[in-house]
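Right, one structure below, let's go through it.
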Amino acid sequence: MKKMTSDLILGMLMLAMATFYLVMTLNIPRRGTIDATFVPFLLSGGIYILGTIQVVSSLIKQNKKPPNAATQKEATAQKVDTPTVIKTLILLVIYIALLDKIGFVIMSAVYLFAQFIVLTPVSKRRNYLLYAIVAISSSVIIYVIFRYVFDLMLPGGLLK
């Protein structure tokens, strides 16, 4: 038996987490088709799908012949962009801290706009107008879906 790779372990952990999440979701009282369990069921299904893809791709990769030295050097050369990760965490903390005070629509639009800027590679030209359009329209569409389709209130903040 071949040595288990970190990809295979990650996939199995995702499947275990999805199972735990699904069991916890089943303990939530049901009140119709679209209720408090709807999104958790979707999330657990998505995690199951991603976990299965991870396991299958890991098994396929294990069955292939070992890569040559050049490919291994390229794989190890890919490093985590620590400043981008730190900026993203800071943006998330600010978003969570101000969500109730400012409101979902405004904070989500600001967060998405800032996140687009952070994730755009330095070598690429930043399209601020496109970022603003996507951020604002996404926030409004998500708010409308949650408010009028799911009948769930999101923080109104300044727009109450």
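The values are calculated or read from the model by the stated rules, or taken from the named source; none is laboratory data. All values derive from a computational prediction rather than experimental measurement. Every residue, glycine as well, gets a Cβ built from its backbone with ideal geometry; the counts of neighbours run over all protein chains shown.
With respect to being modelled with pLDDT of 80 or more and either surrounded by 14 or more Cβ atoms within 10 Å (Cβ to Cβ) or within 22 Å of the chain's Cα centre (by Cα) (or both), residue 22 fits the description.
What do you reckon, is residue 114 modelled with pLDDT of 90 or more, part of a helix (DSSP H, G or I) and either surrounded by 16 or more Cβ atoms within 10 Å (Cβ to Cβ) or on the phi > 0 side of the Ramachandran plot (or both)?
On the way: modelled with pLDDT of 90 or more: yes; part of a helix (DSSP H, G or I): yes; either surrounded by 16 or more Cβ atoms within 10 Å (Cβ to Cβ) or on the phi > 0 side of the Ramachandran plot (or both): yes.
Against the criterion (modelled with pLDDT of 90 or more, part of a helix (DSSP H, G or I) and either surrounded by 16 or more Cβ atoms within 10 Å (Cβ to Cβ) or on the phi > 0 side of the Ramachandran plot (or both)), residue 114 qualifies.
Cβ separations smaller than 9 Å between residues 6+ apart or across chains give the following pairs from segment 144-156 residues that are among the small types (Gly, Ala, Ser) to residues that are surrounded by 10 or more Cβ atoms within 10 Å (Cβ to Cβ): 156/103; 156/104; 156/105. Taken together, the residues in segment 103-141 that are free of Cβ contacts under 8 Å to residues at least 12 places away in the same chain and closer than 20 Å to residue 38 by Cβ amount to 1. Do any residues in segment 29-40 that are within 13 Å of residue 146 (Cβ to Cβ) have Cβ atoms under 7 Å from those of residues that are of a type in the set (A, V, I, L, M), where the two are at least six apart or on different chains, and which pairs are they? From segment 29-40, the pairs are 36/28.
Could you say whether any residue in segment 142-153 is buried (at least 17 other Cβ atoms within 10 Å of the Cβ), at pLDDT below 90 and within 29 Å of residue 34 (Cβ to Cβ)?
Keep residues of segment 142-153 that are buried (at least 17 other Cβ atoms within 10 Å of the Cβ), which gives 143.
The next check asks that each one be at pLDDT below 90; those that pass are 143.
From what is left, the residues that are within 29 Å of residue 34 (Cβ to Cβ) are 143.
Looking for residues that are buried (at least 17 other Cβ atoms within 10 Å of the Cβ), at pLDDT below 90 and within 29 Å of residue 34 (Cβ to Cβ), one finds at least one in segment 142-153, hence yes.
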